[in-house]
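Engineer: Provided herewith is a single structure, encoded as structure tokens, for subsequent inquiry.
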Amino acid sequence: MLRLGEIPFPEVKRLDEGRRALVILPVGVVEEHGAHLPLGLDSFAAEVYAASAAPHLEEAGYEVVVAPTINYGVARAAIDFPGTLSLEPETLCSMVVEIGRSLARHGLNRLAILNGHRDKQHMKALDDAKEDLLSEKAAQVLLVGFAYDDEVTAACYREGVRQFYRSPRPDREGHGGESETSVALHSFPELVKQEIIGTLDANFDYDVEAFRNETKDYGSISGGRGYFGWPQAATATTGEKLVAVRGKNIAEVILREWGRAKT
Ligand SMILES: [Zn+2]
């Protein structure tokens, strides 16, 4: 796996000539995830899943290139929490289209946008960017991770992970809860306020419809807590399993669309 920001230009020429490059563009956001987790969690998680998916794609013959992460996105539901930042959807869409065009100009025309942030307008903006690039015939583009298409999201994140949950209410686990806390404890524990996790009570009795449909802000539906589910159920071991399974899932979704690299 190569990181585009860390290689010199002749490497990109070689990738272009090799015709087996597959670019992953991680996308996250700056958004509250409860008092125990960092604002950049979705960006970090997208990077973690990219690294976990890469070996499976390499096994299928691709040269995986991870582009620098888009750390900003659309985050209106949590905008009242200190530190949450939001772009307009059009801004995010333009960024992705322009990055995709630039990559394609250098022959890097197989692009998997790997999104770590669940927000309808954010996902729609990424889907619009994908459609724009496809209509320009600039590149082959896929949106994976949290995608606008629910089935893609389920195939990437929910397939095969249910048995890992320790929470008594896995159906109520969401933003900042067991899953995201576990991934953080495994992948970037130094950024987790581990000393307060034991004080965070379970948040199961929230308005699930309002949460899923984003009809109310996170502050009011979580009673100011900013997380949904039970962070205390999280463990680093669960995080390790979630990262492994989701990385494999994401690679499978990509390979289902594009097949193995032609050698
Ligand atoms: Zn998140």
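Engineer: Would you check which residues across region 43-82 are part of a helix (DSSP H, G or I) and β-branched (Val, Ile, Thr) and list them?
Structural biologist: In the first step, residues of region 43-82 are kept if they are part of a helix (DSSP H, G or I); the result is 43-59.
Answer for region 43-82, where residues must be part of a helix (DSSP H, G or I) and β-branched (Val, Ile, Thr): just 48.
Engineer: Mind listing just one residue for me: the one in region 109-141 that is within 19 Å of residue 255 (Cβ to Cβ) and of a type outside the set (A, V, I, L, M) and, of those, nearest to the ligand (Cβ to nearest atom)?
Structural biologist: So, considering only residues that are within 19 Å of residue 255 (Cβ to Cβ) and of a type outside the set (A, V, I, L, M), the one nearest to the ligand (Cβ to nearest atom) is 115.
Engineer: Could you figure out which of (1) part of a strand (DSSP E or B); (2) more than 16 Å from the ligand (Cβ to nearest atom); (3) aliphatic (A, V, I, L, M); (4) touching a Phe, Trp or Tyr at 6+ places or on another chain (Cβ under 9 Å) isn't true of residue 95?
Structural biologist: All conditions are met except number (1).
Engineer: Identify, from the list 149, 119, the residue that is buried (at least 17 other Cβ atoms within 10 Å of the Cβ) and either touching a residue at least 60 places away in the same chain (Cβ under 8 Å) or under 16 Å from the mean Cα position of the chain (by Cα) (or both). Full working, then the answer.
Structural biologist: Details: 149 fails: buried (at least 17 other Cβ atoms within 10 Å of the Cβ).
From the options 149, 119, the qualifying one is 119.
Engineer: For residues in region 48-92 being small (Gly, Ala, Ser) and in contact with a Phe, Trp or Tyr (Cβ under 7 Å, 6 or more places away or on another chain), which is farthest from residue 189 (Cα to Cα)? Lay out the reasoning, then the answer.
Structural biologist: Looking only at region 48-92, we keep the residues that are small (Gly, Ala, Ser), and these are 50-54, 60-61, 67, 73, 75, 77-78, 83, 86.
Now restrict to residues that are in contact with a Phe, Trp or Tyr (Cβ under 7 Å, 6 or more places away or on another chain): 77-78.
Values: 77: 26, 78: 23 Å.
Applying the filter and picking the extreme gives 77.
Engineer: Against the definition (in contact with a Ser or Thr (Cβ under 7 Å, 6 or more places away or on another chain), of a type outside the set (Gly, Ala, Ser) and within 20 Å of residue 244 (Cβ to Cβ)), how does residue 26 come out, yes or no? Explain how you work it out, then say what you get.
Structural biologist: Working: in contact with a Ser or Thr (Cβ under 7 Å, 6 or more places away or on another chain): yes; of a type outside the set (Gly, Ala, Ser): yes; within 20 Å of residue 244 (Cβ to Cβ): yes.
So residue 26 passes the test.
Engineer: Please pick out the residue among 63, 58, 47 that is within 16 Å of the ligand (Cβ to nearest atom) and of a type in the set (Asp, Glu).
Structural biologist: Values: 63 fails: within 16 Å of the ligand (Cβ to nearest atom); 58 fails: within 16 Å of the ligand (Cβ to nearest atom).
None of the other options fit; the residue is 47.
Engineer: Any idea which of (1) over 19 Å from the mean Cα position of the chain (by Cα); (2) assigned to a loop (DSSP other than H, G, I, E, B) is the one residue 132 doesn't satisfy?
Structural biologist: (2)
Engineer: Oh, and also: Condition check: over 21 Å from the mean Cα position of the chain (by Cα) and either surrounded by 16 or more Cβ atoms within 10 Å (Cβ to Cβ) or under 19 Å from residue 35 (Cβ atoms) (or both). Does residue 166 satisfy that? So that I can check it myself, show each step before the final result.
Structural biologist: On the way: over 21 Å from the mean Cα position of the chain (by Cα): yes; either surrounded by 16 or more Cβ atoms within 10 Å (Cβ to Cβ) or under 19 Å from residue 35 (Cβ atoms) (or both): no.
Spelling it out, it is not the case that residue 166 is over 21 Å from the mean Cα position of the chain (by Cα) and either surrounded by 16 or more Cβ atoms within 10 Å (Cβ to Cβ) or under 19 Å from residue 35 (Cβ atoms) (or both).
Engineer: Okay, next question. Among the residues of region 222-262, which ones are β-branched (Val, Ile, Thr) and either at pLDDT below 95 or in contact with a strand residue (DSSP E or B) (Cβ under 7 Å, 6 or more places away or on another chain) (or both)? Outline the logic, then answer.
Structural biologist: Here is the first cut: in region 222-262, the ones β-branched (Val, Ile, Thr) are 235, 237-238, 243, 245, 250, 253-254.
250, 253, 254, listed by residue number.
Engineer: Can you name the residue in region 45-67 that is of a type in the set (A, V, I, L, M, F, W, C) and touching a Gly at 6+ places or on another chain (Cβ under 7 Å) and, of all such residues, is surrounded by the most Cβ atoms within 10 Å (Cβ to Cβ)?
Structural biologist: Just the residues of region 45-67 that are of a type in the set (A, V, I, L, M, F, W, C), to begin with: 45-46, 48, 50-51, 53-54, 57, 60, 64-67.
Then drop every residue that is not touching a Gly at 6+ places or on another chain (Cβ under 7 Å), which leaves 45-46, 53.
Working: 45: 29, 46: 28, 53: 31.
In this case the residue turns out to be 53.
Engineer: Condition first: among the charged types (D, E, K, R), within 16 Å of the ligand (Cβ to nearest atom) and touching a residue at least 12 places away in the same chain (Cβ under 8 Å). Can you find one or more residues in region 15-37 that meet it? Step through it out loud before you land on a result.
Structural biologist: Here is the first cut: in region 15-37, the ones among the charged types (D, E, K, R) are 16-17, 19-20, 31-32.
When the remaining residues are screened for being within 16 Å of the ligand (Cβ to nearest atom), the result is 31-32.
Filter once more, so that each one left must be touching a residue at least 12 places away in the same chain (Cβ under 8 Å): 31-32.
Yes, some residue in region 15-37 is among the charged types (D, E, K, R), within 16 Å of the ligand (Cβ to nearest atom) and touching a residue at least 12 places away in the same chain (Cβ under 8 Å).
Engineer: Okay, next question. If I ask for residues that are in contact (Cβ under 8 Å) with a residue 12 or more places away in the chain and farther than 14 Å from residue 164 by Cα, which ones from region 233-258 would you list? It would help to see each step written out before you state the result.
Structural biologist: First pass over region 233-258, keeping only residues in contact (Cβ under 8 Å) with a residue 12 or more places away in the chain: 233-255, 257-258.
Within region 233-258, 247, 248, 249, 250, 251, 252, 253, 254, 255, 257, 258 qualify.
Engineer: Considering only residues that are in a helix (DSSP H, G or I), in contact with a helix residue (DSSP H, G or I) (Cβ under 8 Å, 6 or more places away or on another chain) and farther than 18 Å from residue 41 by Cα, which ones fall in region 214-232?
Structural biologist: Matches in region 214-232: 221 only.
This table checks each residue for (1) more than 22 Å from residue 115 (Cβ to Cβ); (2) not hydroxyl-bearing (Ser, Thr, Tyr).
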{"site": "176", "(1), (2)": "no, yes"}
{"site": "182", "(1), (2)": "no, no"}
{"site": "216", "(1), (2)": "yes, yes"}
{"site": "252", "(1), (2)": "no, yes"}
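Engineer: Hey, does region 178-187 have a residue that's surrounded by 13 or more Cβ atoms within 10 Å (Cβ to Cβ) and either away from the ligand (no atom under 16 Å from the Cβ) or part of a loop (DSSP other than H, G, I, E, B) (or both)?
Structural biologist: Narrowing region 178-187 to residues surrounded by 13 or more Cβ atoms within 10 Å (Cβ to Cβ): 178-187.
Those left that are additionally either away from the ligand (no atom under 16 Å from the Cβ) or part of a loop (DSSP other than H, G, I, E, B) (or both): none.
No, every residue in region 178-187 fails to be surrounded by 13 or more Cβ atoms within 10 Å (Cβ to Cβ) and either away from the ligand (no atom under 16 Å from the Cβ) or part of a loop (DSSP other than H, G, I, E, B) (or both).
The values are calculated or read from the model by the stated rules, or taken from the named source; none is laboratory data. Source: prediction; values computed, not measured. Every residue, glycine as well, gets a Cβ built from its backbone with ideal geometry; the counts of neighbours run over all protein chains shown.
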